[in-house]
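Have a look at the structure that comes next, please.
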Amino acid sequence: MNYRRLGRSGLKVSELSLGSWVTYGNQVDTNAARECMAAAWDQGVNFFDNAEVYAAGKSEEIMGEALKKLAWPRIKVVISTKFFWGISDGPNEKNTLNRKYLMNAIDGSLKRLQMDYVDLVFCHRPDPNTPIEETAWAMHDMIVQGKALYWGTSEWSAAEIWAAHEIAARQHLHKPVMEQPQYNLFHRKRVESEYSRLYGDIGLGLTTWSPLASGLLTGKYRKGIPPDSRGALPRMGFLVEGLTDKTRNAVVGELETVAKELGCTLSQLAIAWCLKNPRVSTVITGASKVEQVKENMKALEVAHRLTGAAMDRIDNIVAGHDD
Ligand SMILES: NC(=O)c1ccc[n+]([C@@H]2O[C@H](COP(=O)([O-])OP(=O)(O)OC[C@H]3O[C@@H](n4cnc5c(N)ncnc54)[C@H](OP(=O)(O)O)[C@@H]3O)[C@@H](O)[C@H]2O)c1
């Protein structure tokens, strides 16, 4: 495992990490979560991603319980959470990044995770109804209070990230250091184009999500929806159209030829492709089973075999199919 700097910060994160969206609390209980986290840890993973809204707080409880049993030294792990959607009803409890919600939300997350602090805290989406200045102050105060070490954003536009950085710089606040965007073979533009100036100008780090486009890039949706997959979960119905898209599944078929030539699986190829982008600090993988963690971690070796020529071939195959 290599460890990359999280943007301009000094924090080092494993280039592959593990997240808990959909899985913890829905498909994975505490024991299974502990096994998946241990399998990742055995391969050198030090960063585990979470969010308040995942399974309405249950995902944080499960990770907290699993971490307690695993008893890893706190200095060796990097844990995140994210805020925006909230887990209870009320004008100041959901779909907001206002100060009242954020200061309350961090306390709830720390309790569920059974931790004194989280390493990374993200504003899970932009909030057009709260001034960025108010959010930046709340995130700064969270850090000053010792409840989080670094703050960042998730799926904010380049302009919004720039504004947050400028406000923080002008007022001598802790600046946002990382963004968590979707990044995979079918979703590239934001990372590769929209954010391009932010890497050099403000030293933005990236913790990227859905490297397998929720499983589409494993090839398992080419013949419909497997009953034990994310696509079959009732609450994930919104993903079905994308997962079963005929054109994209045909592209996945073409990518399989490249994978076979490289002697790897489609999942490994797709994750290795994300790793090749030096702007990416860590690729957050997801898994509902230990076997998937083990398979996906081998993408680290595959990345070394992905030559410039192989990357060009992949580019040609996906050209025109990404958004
Ligand atoms: N900031 C955000 O807005 C945001 C949004 C989404 C995700 N995230 C973060 O990013 C993490 C990763 O996202 P993701 O879970 O969508 O990642 P992903 O890699 O696109 O999808 C992971 C899912 O694909 C399936 N899978 C994984 N490896 C496989 C393999 N080798 N063979 C077959 N199937 C395999 C599993 O689902 P099944 O077994 O159920 O099919 C697994 O849960 C999340 O856990 C979360 O921490 C953040």
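The values are calculated or read from the model by the stated rules, or taken from the named source; none is laboratory data. Everything quoted here is computed from the prediction, not taken from an experiment. Cβ coordinates were reconstructed from backbone atoms using ideal geometry, including for glycine residues, and neighbour counts include every protein chain displayed. Side chains are part of the model used for accessible areas, which takes the heavy atoms of the whole protein and leaves out ligands, DNA and RNA. Shrake-Rupley method; radii C 1.70, N 1.55, O 1.52, S 1.80 Å.
Could you compute the FRET efficiency for ALA158 and ALA56, with r as their C-beta to C-beta distance and R0 at 45 Å, rounded to 0.05?
0.90
Can I ask one more? Which semi-axis lengths, in whole Å and largest first, follow from the square roots of five times the eigenvalues of the Cα gyration tensor of the range 1-44?
Sorted largest first and rounded, they come to 25, 12, 6 Å.
Another one. Evaluate the Kirkwood expression for the hydrodynamic radius of the range 74-121, namely the inverse of the mean inverse distance over all pairs of different C-alpha atoms, and round to one decimal in Å.
Taking every pair of different Cα atoms in the range 74-121, averaging 1/r and inverting gives 11.4 Å.
Restricting to lysine pairs 8 or more places apart or on different chains, what number in the range 1-115 have Cα atoms under 16 Å apart?
9
So what's the angle, to the nearest 10 degrees on a 0 to 90 scale, between helix 30-42 and the longest Cα principal axis of the chain?
Here the helix axis deviates by roughly 70 degrees.
Which value does Rg/Rh take for the range 39-92 over its C-alpha atoms, Rh per Kirkwood?
1.06
What is the helix-to-structure angle for 158-170, meaning the angle in degrees between its Cα long axis and the longest Cα principal axis of the chain, kept from 0 to 90 and rounded to the nearest 10?
Helix 158-170 sits roughly 30 degrees off the main axis of the chain.
For LEU70 and ALA309, compute 0.36 nm times the residue count separating them, minus their Cα-Cα distance, and round to one decimal in nm.
Value of the extension gain: 81.8 nm.
Can I ask one more? So for the range 1-133, considering every pair of alpha-carbon atoms, how many percent are separated by more than 21 Å?
Tail fraction, whole percent: 42.
Of all accessible surface on the range 1-157 at a 1.4 Å probe, what whole percent is carbon and sulfur?
Result for the range 1-157: 48 percent of the exposed heavy-atom area is carbon or sulfur.
When the distances between all Cα atoms of the range 162-215 are binned every 10 Å from zero, what whole-number percent does each bin get?
For the range 162-215, the pair-distance distribution reads 23, 45, 24, 8, 0.
Taking Rh as the Kirkwood radius, which is the inverse of the mean 1/r over Cα pairs, what is the Rg/Rh value for the range 70-177?
0.96
Rounded, prolate or oblate: which one fits the range 115-206, using the alpha carbon gyration tensor with axes a ≥ b ≥ c (rounded when a/c is under 1.5, else prolate when a/b beats b/c, else oblate)?
The shape class here is prolate.
Moving to a separate point now. How big is the antiparallel share of DSSP beta bridges in the range 49-199, given as a percent to the nearest 5?
10 percent
Tell me, what is the per residue accessible area of the range 106-187 in Å², probe radius 1.4 Å?
For the range 106-187, the solvent-accessible area averages 38 Å² per residue.
If you count, for each residue, the other Cβ atoms within 10 Å and average over each peptide, how do 4-12, 261-269 line up from highest to lowest?
Packing order, densest peptide first, comes out as 261-269, 4-12.
Specify the angular offset, from 0 to 90 degrees and rounded to the nearest 10, of the alpha carbon long axis of helix 266-275 from the longest principal axis of the alpha carbons in the chain.
Between helix and principal axis, roughly 50 degrees.
Something else about it: ³J(HN,Hα) across the range 82-95 via Karplus (A = 6.51, B = -1.76, C = 1.60, θ = phi - 60°), whole Hz, x for Gly/Pro?
Per residue, the Karplus-derived 3J(HN,Hα) values read 9, 10, 4, 6, x, 10, 9, 7, x, x, 10, 10, 8, 6 Hz.
Largest first and to the nearest Å, give the Cα extent of the chain along each principal axis.
52, 43, 36
Here's something else I'd like to know. Project the alpha carbons of the range 168-323 onto their principal axes and report the range along each, largest first, in whole Å.
55, 40, 32
With equal scatterers on the alpha carbons only and no solvent term, can you work out the Debye log10 of I(q)/I(0) for the range 120-160 at 0.14, 0.17, 0.21, 0.34 1/Å?
-0.30, -0.43, -0.65, -1.23
Which of the peptides 109-119, 68-78 is most tightly packed, and how do the rest follow, judged by the mean count of other Cβ atoms within 10 Å per residue?
Output ranking for 109-119, 68-78: 109-119, 68-78.
Please give every one of the lysines within straight-line cross-link reach of LYS223, meaning a C-alpha to C-alpha distance under 16 Å, and leave out same-chain neighbours fewer than 8 residues apart.
LYS246
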